[in-house]
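Just below is one structure, and these are the notes that go with it.
The values are calculated or read from the model by the stated rules, or taken from the named source; none is laboratory data. Note that the structure is predicted; figures quoted are calculated from it, not measured. Virtual Cβ from ideal backbone geometry, glycine too; neighbours counted across all protein chains shown. Note: areas computed on protein heavy atoms with side chains; ligands, DNA, RNA excluded. Shrake-Rupley method; radii C 1.70, N 1.55, O 1.52, S 1.80 Å.
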Amino acid sequence: MDPIKNQISAIDPITVDPIAEPNGEEALHRILSGSTVFSDSRPLPAVTSLDQRRHRKAGRIAGGLLLAAAAVTAGVLVAANFGSVNTAPAPAVTVTTTEATPTPSASATQTPTPTPSGTSSATPTATATAAAPTSPPAPTVPVVAPTPVSTTTLPHTAQTQTFTFPDGHLSFTLPVGWSAYTEQGPYLSEETKAASQGATILDSAGTKVAMVSSGFYGDGTAGEVTRTVYDRAAVPGLRDISGNPVEFGFAANQSRYVPYGAPEGSAKVLGDAYYFMDVRLASELQSGETDSGTNLIRMPNGFMNAYVLFDFDKQPTFATPEAAKAYMGTTQYAQLKSMLLSLSYK
């Protein structure tokens, strides 16, 4: 029997040991003379050792840590896919652009942004894996490059149209919606008949607003006037047969004359202002006391002239100089001026 059990049985008053009563003197001598060494090197089958308990506890701790890591990883995946409950939009899973753009992935694997090359594809050069992230990774929002807009595909609205005389020499531009038609002009011989043409210009309402003639013969009269020039500009596409420059002009002439029946030597008086808007030689657009001149310009195929049709029955056309200056700010004035400045001879 085990010594420990024998000792317990020996002091238990209820237990009746079938063996003989131990020798007290011998037992006392054994107790006093030496110490009994107790050992658990041979544990009973029903008793768990301390090492086994330690191994089981360590196993439980490791299992708990593993479950906690799995729970954190699952939470990261859910947060990356569904995002937090706020007003900020979640990053798109796939974004297609004209350049190589990385696609954000809802996983614990972080892929560095590739460097775009000359081709339309990009390959990442390294991959870093996070074993157990403790916080959700910040999603990378790809920068979408703006789509270039080609100006060649934009609609362009034509603002003018070109009119050319039948002989192909003289041309000019008209606002869209305006029109022009030609008629036979005056001529001196059959040889010059075909070249003599007069074009009448109509605005979008069908009202005659201007005349342009080409291949005419020249004549006219002149007299003394006092001229006020309100606007003038060079016509780059025109020069006369001698190379003299041609200008656009908006001005008013006032005739200087001696009234009929006035005594000899009476001073000259000024008549009503006669407004004109045309093209003529630059020398014919001088201000002050000068000659009335003419708007006929000699070209290689004959004489040409171009002028605006003011109401002949309404004289003066503008009641005051201020009214004439106000007309210069209208759309019609700008259209007529642009048309006369576009005249070109080839």
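Do we have GLY215 as modelled with pLDDT under 95 and crowded, with 17+ Cβ neighbours inside 10 Å here? Judged against the criteria, GLY215 is a match. One residue stands out in the range 260-298 among those that are open to solvent by 80 Å² or more (accessible area, probe 1.4 Å) and basic (Lys, Arg): the one that is farthest from ASN244 (Cα to Cα), namely LYS268. In the range 284-309, of all residues being in contact with a strand residue (DSSP E or B) (Cβ under 6 Å, 6 or more places away or on another chain) and not in a strand (DSSP E or B), the one that is farthest from TYR274 (Cα to Cα) corresponds to ASN301.
Here SER266 clears all of (1) of a type in the set (Ser, Thr, Tyr); (2) assigned to a loop (DSSP other than H, G, I, E, B); (3) touching a helix residue (DSSP H, G or I) at 6+ places or on another chain (Cβ under 7 Å) except the condition numbered (3).
So which of ASP291, ASP272 ends up being in contact with a Pro (Cβ under 7 Å, 6 or more places away or on another chain), over 19 Å from ALA210 (Cβ atoms) and not hydrophobic (A, V, I, L, M, F, W, C)?
Values: ASP291 fails: in contact with a Pro (Cβ under 7 Å, 6 or more places away or on another chain).
Answer to the selection: ASP272.
Take the range 220-233 and flag every residue that is touching a residue at least 60 places away in the same chain (Cβ under 8 Å) and over 47 Å from the mean Cα position of the chain (by Cα). Within the range 220-233, GLY220, ALA222, GLY223, GLU224, VAL225, THR226, ARG227, THR228 meet the criteria.
Within the range 214-241, the set of residues being polar (S, T, N, Q) and assigned to a strand (DSSP E or B) comprises SER214, THR226, THR228.
Of everything in the range 169-188 that is in a loop (DSSP other than H, G, I, E, B) and either of a type in the set (Phe, Trp, Tyr) or open to solvent by less than 40 Å² (accessible area, probe 1.4 Å) (or both), the residue that is farthest from SER344 (Cα to Cα) is TYR187.
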